[in-house]
1. Within segment 85-136, count every residue that is farther than 12 Å from residue 33 by Cβ and among the hydrophobic types (A, V, I, L, M, F, W, C).
2. Might you check whether a residue that is crowded, with 21+ Cβ neighbours inside 10 Å and within 21 Å of residue 3 (Cα to Cα) occurs anywhere in segment 67-85?
3. What are the residues in segment 161-207 that are assigned to a strand (DSSP E or B) and either without any contact (Cβ under 8 Å) to a residue 24 or more places away in the chain or among the hydrophobic types (A, V, I, L, M, F, W, C) (or both), if any?
4. Consider only pairs whose beta carbons are under 8 Å apart and that are at least six residues apart or on different chains; among these, list those whose first residue lies in segment 86-112 and is free of Cβ contacts under 8 Å to residues at least 60 places away in the same chain and whose second residue is part of a loop (DSSP other than H, G, I, E, B) and surrounded by 21 or more Cβ atoms within 10 Å (Cβ to Cβ).
5. Taking segment 208-237 only, how many residues are farther than 20 Å from residue 1 by Cα and either assigned to a strand (DSSP E or B) or touching a residue at least 24 places away in the same chain (Cβ under 8 Å) (or both)?
6. Output the qualifying pairs, or none if there are none: Cβ atoms under 7 angstrom, residues six or more apart or on different chains, first residue in segment 46-75 and over 25 Å from residue 101 (Cα atoms), second residue outside any helix (DSSP H, G or I) and aromatic (Phe, Trp, Tyr).
7. In segment 186-200, what residues are surrounded by fewer than 22 Cβ atoms within 10 Å (Cβ to Cβ), small (Gly, Ala, Ser) and touching a strand residue (DSSP E or B) at 6+ places or on another chain (Cβ under 7 Å)?
Amino acid sequence: MIKYSSRSEKGLVRENNEDSLLSIEIGEYLVLAVADGLGGVQGGEIASKIAIQTISSELKLGLHDNSSNEEIEELLRNVFQAANMRILIESSTNYECNEMATTLTVAVVCASKVIIGHIGDCRVYVVNNDKMDLLTSDHTYLQELKKSTSFSDEEIANHPGRNMLTKVLGENVYVMPDFYKYNISNGDYILLCTDGLSSYVGDDMIKDVVLNSNDTDSAVLSLVNSVYDVGAKDNVTAILAKIED
């Protein structure tokens, strides 16, 4: 059994919420997804909603019990491409917001594994036994800088383009998401979040909230409230699932 809760709010600064989320059971699987739109007040909101709607409709049709890891990965690859094309079409025909894009991170979860498709800087963590591990890698210029030996830590920390995204949906005709596969166990928590949480609340606080809350509902509420405590400058979205036998 998997218990899960979710929450998405616009925060204290943004005019609207450009984040979108999905938590849906399809057969033996729990599908979790978060998307963080870009492109202005209206464009980003539309792009993230298109991505989530595409995930929902396509996985309902294509995801079947006992699907192999390879089949799930191929399905996710096709779904990401479908979402990307729908965003590009909307961008080319909607003259009020003809620049739109979004991040998208999807986790297909069952009792013993999680398979993740990922583009952008939303994150997936696993929390258990006083430990929290980041399962995804951000598609940001900061990550590229960290791979380089040409920059000092101080230069990286102060680089003006460090938070620029290097891969999103809605930018190019063809996209290639990253894929991750992990074994999970009873008691594990799976957390998906936008950077409105991960950029403003430290890993230790996130871990402590998850492990010390009574249930997933109270944990998600506490995580969102912790963002408000530091000003909530961005939209914030979090989905938390707990694996239970």
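1. 16
2. For segment 67-85, residues crowded, with 21+ Cβ neighbours inside 10 Å and within 21 Å of residue 3 (Cα to Cα): absent.
3. Across segment 161-207, the qualifying residues are 165, 169, 179, 190, 191, 192, 193.
4. Listed pairs, sorted by first residue: 90/100; 94/100; 97/39.
5. 14
6. Close Cβ pairs (under 7 Å, with a partner that is outside any helix (DSSP H, G or I) and aromatic (Phe, Trp, Tyr)) amount to 63/29.
7. 187, 198
Rule-based calculations on the coordinates, nothing more; no lab input. Given the structure is predicted, the values throughout are model-derived calculations rather than measurements. Quick reminder, even Gly has a Cβ in these numbers, built from the backbone with ideal geometry, and neighbours come from all protein chains shown.
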